[in-house]
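Enquirer: Let me begin by handing over the structure; questions about it come next.
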Amino acid sequence: MTVTVDTEMAEAAGAATTPSAAVTSAAAATSEMATTEHAQQFFTERLWKAVRGGDVERTVRALERLDDGVRRSLLPELKELRAEYRREEGWSDNWRERRLALLFAGAGCQTGAAAAATWLAARDLRRWSRALPHEHVVRVLRHRDPGWLGDVAHRLAARPTTAAEDYEVIRALAERSGGPMPATDGFVEGWAWAKSVWNQNRTDESLLDRLRADPITPDLAPRLLSDVEIGGRVMAWSMEDHPAAWTGAIPRLCAEGLLKRADVLDTCIATLLRGGRPAALRPFLYLVTYLRPTPEESAAHLDDWAALAADAPSTVAGYAQERLAELLADGGLSAERLADVSAGVLFRTEKKLVRAQLQLIDRAIKSRREDAGVLLPAAAEAFGHGDDGLRERAVKLVRRHLPKADAAAHERIAEAAGALTRTQQAVLADALRVPVAPDPAGDTAGPEEELLPPPPVPEPLGPAPVEPAAIAGEIAVLLAGQGTFLDHERGLDALVRAAHRDRAGLKEALGSLPARHSWWYAEDEYRLQYYGIGLVVDAVLGELDLELLRRGRESLTKAGEKHVYGAFERLHTARLVEAAWGIAMDRPLPHLLATPNTSDGSIEVATLLDRLRGYARAGMEPEPVDLGLALLRVRVPGAAGADASGSGATGSDSAGSDIAASVTVASATATSASHIAAARELGAAGERLADWLAAGGLPARTLERRVGRLPEGRREWWYASRKVEELLRMVVGESEVLRRDFPQPLAGMGRGYDPYAQPMRWYERSARRGAITVFPHDPEAVAAFWLPAVAAGAEEDTRGAAERLPQLAEAPGRPGPAVHLAIAFGLCARHPQDRLAATDALLTLAARGNLDATRLGTDLAELVLLGAGKLTRLADATRTAAQTGAWRTIHAVLTAALPPLLTTDQRPHALGALLAVAADCAERVGTARPLPGLDHLPTGTGSQLARQADRLRAVVTAAEATA
Amino acid sequence: MTRTAVTLAYRTPSALEPSAGGSLLGLQTAGGSSPRGAMAHPSFFAGFIASPRVYAAGLLSVADVAAARYYRPERRASLDPVVTGNGDRLRFESFSGCCGVHARLDVLAEGLEGRTTERGTTNVDVNNPLREALTRLAPDEPLHLRVGPDELAVTTAAEGPLVEKKVPLPDRWVRGFAETQVLAAGFDLRAELDAAQAVRFLRSLPAGGTAKAGAPAGWRIPAPGGVLRPTSRAVPGAVCLAGPERLGALRRVLRHITGLRVYGPPVRAGSEPVASAWEVGLPGMRLTLTLSPGVSRGFSGEGAVLQSLASDTAAEDAELLSVLLAWEARVEIAELGAQAGLDTARVRDALTRLGTAGRIGYDVAEAAYYHRELPYDADRAEAHNPRLRDARALVGAGAVELDGDTGVVRSGEQVYRVHERDGVLGCTCPWWAKYRGGRGPCKHALAVRLVRRGELVAMAGGVA
């Protein structure tokens, strides 16, 4: 380095006309300031060259020669350059270096400490370059006085965003200033990272050596230990007893006396007390555990242990609990204090902590029986715990020591016992001197009322916008790929109506919409499909390729696809093409026929008649797909699939609903006759509707429930995390009416569907989602189409598989075996959100009175036995449903599901969890009918299975006793 | 991100000290305002607290929220809580660093044993030793609370502050803080749970420390029997619970709660996630957490604040009202209207406007505004609202044309149309298409609104 500087000096000297002064000064010291005006000018030019060229080293070197006056004069131009860089777009090869050079030049030219610090921290100049080379900073600032340097150091340290990465710079400046080191969070973090050893094998120096050698360790280490975030981040990197790890180095420094052990211990405990992310607390807990408080220290921290056991994350609380146990054994914990701590700990959800605390109380009473009166009411706090086993444990504990307690304790325990189940209360009752108080929440107050959500009310389609600007707003939403099914339907109808009414006005409003052309598909059909609603927009604007539209119209009417899903995919395009065609051919449709009335996708007959009258008035014939879809969506009164009853209990009072149904059918027939007569007067399309109504809509398709395997090599295992070989599915029969009387692509949906012969591909999932909007009155067929996708949520752990099940349950048509099977799959889905959707669907069916609990239970059992359903998932789903108040419904489902699972040779995993849900339900419903297969289960062994089986048996015994 | 810093200067650190017959909790104050104007170290209260332990836990919950970031927790933020004295109660407020959670502890008259408080708003110092001491508070120890400096010590420490905290104050944080109050004013009571039901519900929530940003927002339907039934999608009457882990701040007080009340805006089937408020009752106190619609979504972008621009007169009315308000615990709209000579609708608009400037709070439990002025420069933050700034730039560039009811905004190559439907200004831009009013008006709609208000000249001056 010296050599290069010397050459440069020689250059400078040679260039100068009065060389002697420059040469002498340059020769005297390599980095001293140039003394002559000429030399100053020379180095100024060099500086600009280096700054603009992005040569950091030369920039620093040139700057070292310039005095303060010159530096100050350069500042405006440097600021100008910075602004220029900010405006710069794109990326050049020395982008970073040019900015860094400017960073050092500017920092060196600032005369105020605050301005220098701000310049050094400038984000725009140091992007992509993390830590600044600190020796450069020192070189450009070396001529400043120490106080000034210290000021800059402290200012940099006070910047939260850059202080950590500027640690080296700050430290170098602070050391030169001779003043105190900063102690900000960022500086401490920078220090800690700088000391950390990443790979012990690569360096001879351990973290311990580095800390020992650093004079500021005694000041900064306590800071690190008192900051849960920074300390947690730095120290959790490697938590072992090794001099290279912080958790190993700190105790060693304590042993050497560099840090005070007692202080470190206090600091770490205080940090644990303040709390933070459990992961960040781990190294602190490690240190406290490692330093092992002596009995005296532990006693001094009694308040801390008490607070930690009650409120800290479970590992920390567990440690504190152990210390409390030690203090108890040594006699350092009074009964009153233990009772106070227990009230907090027993309130926690962690079973392990609660169990340990109950043991602690047990031990305390055993050693000093006179404390029972204080401790037992505290133990009764666990009566309210969510876990049944723990409640039982607490009951046993209290029962055992109850005779030792005083009257006041009995009173308080009796009060707390209200939260227990009746079986548990019975255990306590004979030993308690006071009767158990009834629980205000009414958990155990006899058989409960069934609470189901209100039956669904379909949301009506809002009024379509009329103003061209408002239409443009709605269409912009659709073009952006947003909006619900209803938004699409309404937007399309609004476009068609407005094009018919005032095409010029619409054209002006739509002209400003963002670009919508889709040019990246070679095939016509895909081009049309990905145009989306833009197809109709372009038709209005007259920008549509008519040839493309014509070809698309032709190809869509051909019977092309082999699989039924393809028809669903093409239906939307076919409707758009119909609408666009009318507009492009200057024969715009007055409106659409198939726009639904409500969110469930159905149309009222009266509405459809009105729409057909509109066509008759305009003297136009409806487009075939639009008409076909309208027929599929129209609510046919008295049809086989129509949902007669709105609500009712779970298929129990059949006599009542039969009468209601027959009344409905009678009145429906009358209105239906008048509708048919009205339709006959409306031309060919009206005749179609009349025939359709007379025939009762679409005949139900045959559905066959089957268990089978996919042919070899037909399953896409590559995305599945789990394999299920035996698949339960529904095979859908052909619909002759659809194939014969409907245009493509609706006719294509009439094909039969065999899920084994036509395995679903991953990309078909989304295409099938629209099926419910095509067949709102036939949820059974839709469920069968959906089944492979829904089943994947349970069989292959895919996400979002069941999210549309509530739609299925709310569909106006009557649900049957296929819908039940789909819900069964949903209840066994891998992801909680999917199970929740299935639960919603289940409760909706129950609220509508359409749930066949036995059917669902049988399906669930079969899925579990086939390996598609896991009981942990099913238990979670049924528990969620039951806890909302549907105890009776879930009880009925589980009563059907459990017997096959109890009697099978290989007992499924986690049967106990499902039995627990069943027992919860049974206790509330109070059934007297023993569950078939319960005899196969053990009794009194203390296992979860035996405990739950005993609960179920007890319910039957209790019911028999009252009967 | 625009940010400034605020320096909070306290006389001494707040501390919990043993004193005759119990403990003395001395909360130190810095800055703020009162009916008598700006003050350096106001004193609001001195007296015994009815339930010391519960109060300590509640105060720690508020401090937890102030120190928390539920989204990207590795970054830190810590501003001290803000305390407001409303005459009969003290309110301790904080806002999380991620701008997604607002917490407020209301210590009501019975919690203060009936003692009255001075009126005003200020910051209170919460430091590490204080937090530790509050956590360790022994059972059954009487607690004397003092909000403000010790009057006896003042004479000796008159030279100046001993504790200075310099804390970054991002604009979006201040804006979000203000926004919570505007949003909360649109909330209704959705569910009410008794103590046992509330504990059961709160315990059923995930206990994990970090909220998952990507998790779908949960919806809860209040069902009979004090159950908040989880459901997979929005339905009328449901409340949104996004990032349930964020209710973890309630865990400290869980043992003491007497009930839970849940508030939220009206939702329709299929609604996008919305904000919600969760109020737990405590002996003599109420602790309310207001959650944003998503873990990664702060209140600052919700845009409810921008709606208040709709009314021309709101700004002037707000100025008028701000003179009349004197830290009332409950702002009676009719009474205030009578004093100011404004009708109810205008008072409401003006209050919203004050809310956006951080100069009024909303108490969902009483369904009423209360007066408090955030001790930050909230006006500045609001003026620098990015969307508003962009709108002004559009107006300044002459990009807005009015065409009858429709506004045409030219932005680069693109032309957007702003139209009114059901009282809401919609637009054809992709941003509007994405949120459709869920986050307030877009910049084009704002620009049209500004032009309609004839602020063309004033705004053009502001841009330059």
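Enquirer: In nm, give the distance between the simple-model label positions of A:GLN41 and A:LYS260, each being 7 Å from the Cα along the Cα-to-Cβ direction.
Expert: 6.5
Enquirer: Rank B:LEU254, A:LEU272, A:ALA918 by how far each Cα sits towards the positive end of the charge dipole of the protein assembly as shown (+1 on Lys, Arg Cβ; -1 on Asp, Glu Cβ) and give me just the farthest.
Expert: Final value for the positive-end residue is A:ALA918.
Enquirer: Shifting gears a bit: Please work out how much length the chain gains when fully extended from A:TRP237 to A:HIS909, using 0.36 nm per residue of separation minus the C-alpha to C-alpha distance, in nm with one decimal.
Expert: Gain on stretching A:TRP237 to A:HIS909: 238.1 nm.
Enquirer: In degrees, nearest 10, range 0 to 90: what is the angle between the Cα axis of helix B:386-396 and the longest Cα principal axis of chain B?
Expert: Between helix and principal axis, roughly 30 degrees.
Enquirer: Apply 1/(1 + (r/R0)^6) to the Cβ-Cβ distance of A:GLU547 and A:ALA504, taking R0 = 22 Å, and write down the FRET efficiency to the nearest 0.05.
Expert: 0.30
Enquirer: Set the Förster distance to 35 Å, then compute FRET efficiency between A:GLU296 and A:ALA114 from the Cβ-Cβ distance, nearest 0.05.
Expert: Step by step, r from the Cβ atoms, then E = 0.10.
Enquirer: Answer rounded, prolate or oblate for the stretch B:48-147, using the Cα gyration tensor with square roots of eigenvalues a ≥ b ≥ c: rounded when a/c is under 1.5, else prolate when a/b is larger than b/c, else oblate.
Expert: Details: a/c = 2.36, a/b = 1.46, b/c = 1.61.
Oblate, since a/c reaches 1.5 and b/c is not below a/b.
Enquirer: Can you list residues whose amide H is under 5 Å from B:ALA191's amide H, if they're 5+ apart or on another chain and H is modeled 1.01 Å from N?
Expert: It is B:VAL262, by chain and number.
Enquirer: For the pairing of chain A with chain B, what total accessible surface becomes buried, with a 1.4 angstrom probe, in square angstrom to the nearest 100?
Expert: Protein heavy atoms only, the A-B interface buries about 4500 Å².
Enquirer: Using every alpha carbon pair in chain B, what percent of pairs falls into each 20 Å bin from 0 up to the bin containing the largest distance?
Expert: Here the calculated profile for chain B is 24, 56, 19, 1.
Enquirer: A further question on this structure: Quick check on the stretch A:34-192: take the gyration tensor over C-alpha atoms, sort the square-rooted eigenvalues as a ≥ b ≥ c, and tell me if it's rounded (a/c under 1.5), prolate or oblate.
Expert: Working: a/c = 2.10, a/b = 1.27, b/c = 1.66.
Cα axes put the stretch A:34-192 in the oblate bin.
Enquirer: Can you give me the distance in nm between label points at B:TRP431 and B:ARG36, each placed 7 Å from the Cα along the Cα-to-Cβ direction?
Expert: Rounded to a tenth, the inter-label distance reads 4.6 nm.
Enquirer: Report the Stokes-Einstein translational diffusion coefficient (µm² s⁻¹, integer) for the stretch A:280-338, Rh taken as the Kirkwood radius over Cα pairs, at 4 °C with viscosity 1.567 mPa s.
Expert: 112
Enquirer: Also, I was wondering about something else. Restricting to DSSP H runs of at least four residues, report the calculated mean residue ellipticity at 222 nm for the protein assembly as shown, -39500 (n - 2.57) per run over all residues, nearest 500 deg cm²/dmol.
Expert: -15500 deg cm²/dmol
Enquirer: Further, regarding this structure: Please give the helix A:468-479 orientation as an angle from the longest Cα principal axis of chain A, in degrees from 0 to 90, rounded to the nearest 10.
Expert: Taking the Cα atoms of chain A, the angle to A:468-479 is about 80 degrees.
Enquirer: Still on this structure, I have one more. What is the distance, in nm, between label points placed 7 Å from the Cα along the Cα-to-Cβ direction at A:ARG355 and at B:ASP188?
Expert: 4.8
Enquirer: Something else about it: If you take the alpha carbon radius of gyration of the protein assembly as shown and divide it by 2.2 N^0.38 Å, what ratio comes out, to two decimals? Each step should come with its number before you reach the end.
Expert: Working: Rg = 37.2 Å, N = 1427, 2.2 N^0.38 = 34.8 Å.
Taking the Cα Rg and dividing by 2.2 N^0.38 Å, one obtains 1.07.
Enquirer: Can you pull the percent of the protein assembly as shown's accessible area that's carbon plus sulfur, 1.4 Å probe, other chains left in place?
Expert: It is 52 percent, rounded to a whole number.
Enquirer: Kindly give the semi-axes, whole Å and largest first, of the ellipsoid equivalent to the stretch A:332-439, taking each as the square root of 5 times a Cα gyration tensor eigenvalue.
Expert: 19, 17, 11
Enquirer: A further question follows. What is the pair-distance distribution P(r) of the stretch B:386-460, computed from all Cα-Cα distances in 5 Å bins starting at 0, with each bin given as a whole percent?
Expert: So the P(r) values, bin by bin, are 3, 18, 31, 27, 15, 4, 0.
Enquirer: List the aspartates and glutamates whose Cα lies under 15 Å from the Cα of A:LYS195, skipping any in the same chain that are fewer than 8 positions away.
Expert: Those aspartates and glutamates meeting the cut-off are A:GLU165, A:ASP166, A:GLU168, A:ASP204, A:GLU205, A:ASP209, A:ASP214, A:ASP219.
Enquirer: From the Cα gyration tensor of the stretch A:195-307, with a ≥ b ≥ c the square roots of its eigenvalues, which class applies: rounded if a/c is under 1.5, or else prolate if a/b is larger than b/c, or else oblate?
Expert: Working: a/c = 2.02, a/b = 1.54, b/c = 1.31.
Cα axes put the stretch A:195-307 in the prolate bin.
Enquirer: Average partner chain C-beta neighbours within 10 Å, per residue of B:127-133? If you can, show how the numbers build up before the last one.
Expert: Numbers: counts 0, 6, 2, 0, 4, 9, 2.
Rounded to a whole number, the mean comes out at 3.
Enquirer: How much length, in nm to one decimal, is gained on full extension between A:ALA131 and A:ARG87, taken as 0.36 nm per residue of separation minus their Cα-Cα distance?
Expert: Roughly 13.4 nm would be gained on extension.
Enquirer: Given the pairs A:LYS352/A:LYS870; A:LYS49/A:LYS79; A:LYS366/A:LYS404, which are separated by over 20 angstrom at their Cα positions?
Expert: The pairs that break the limit, which is 20 Å between Cα atoms, are A:LYS352/A:LYS870.
Enquirer: In Å, what Rg and Dmax follow from the Cα atoms of the stretch A:703-962?
Expert: Final numbers for Rg and Dmax: 19.3, 67 Å.
Enquirer: Helix A:624-633 versus the longest principal axis of chain A: what is the Cα-based angle in degrees, 0 to 90, to the nearest 10?
Expert: For A:624-633 against chain A, the angle is about 80 degrees.
Enquirer: Multiplying the sequence separation of B:ARG203 and B:THR12 by 0.36 nm and subtracting their Cα-Cα distance, what value in nm do you get?
Expert: Extra length from B:ARG203 to B:THR12 when fully extended: 64.9 nm.
Enquirer: State the Cα centre-to-centre distance between the stretch B:9-40 and the stretch A:103-151 in whole Å.
Expert: Between the Cα centre of the stretch B:9-40 and that of the stretch A:103-151, the gap is 40 Å.
Enquirer: At R0 = 45 Å, how high is the FRET efficiency between A:ARG123 and B:ALA109 if r is their beta carbon distance? Nearest 0.05 is fine.
Expert: Details: r = 50 Å, r/R0 = 1.11.
Taking R0 as 45 Å, the efficiency between A:ARG123 and B:ALA109 is 0.35.
Enquirer: Hey, for a label at B:ALA365 modelled as a point 7 Å past Cα toward Cβ, could you say which residues of the stretch B:189-203 have their backbone N under 15 Å away?
Expert: Correct set: B:189, B:192-195.
The values are calculated or read from the model by the stated rules, or taken from the named source; none is laboratory data. All figures in this text were calculated on a predicted structure; none of them were measured in a lab. In this analysis, Cβ positions are derived from the backbone assuming ideal geometry, glycine residues included, and neighbour counts consider all displayed protein chains. Note: accessible area is taken over every heavy atom of the protein model, side chains too, but ligands, DNA and RNA are not part of it. Shrake-Rupley method; radii C 1.70, N 1.55, O 1.52, S 1.80 Å.
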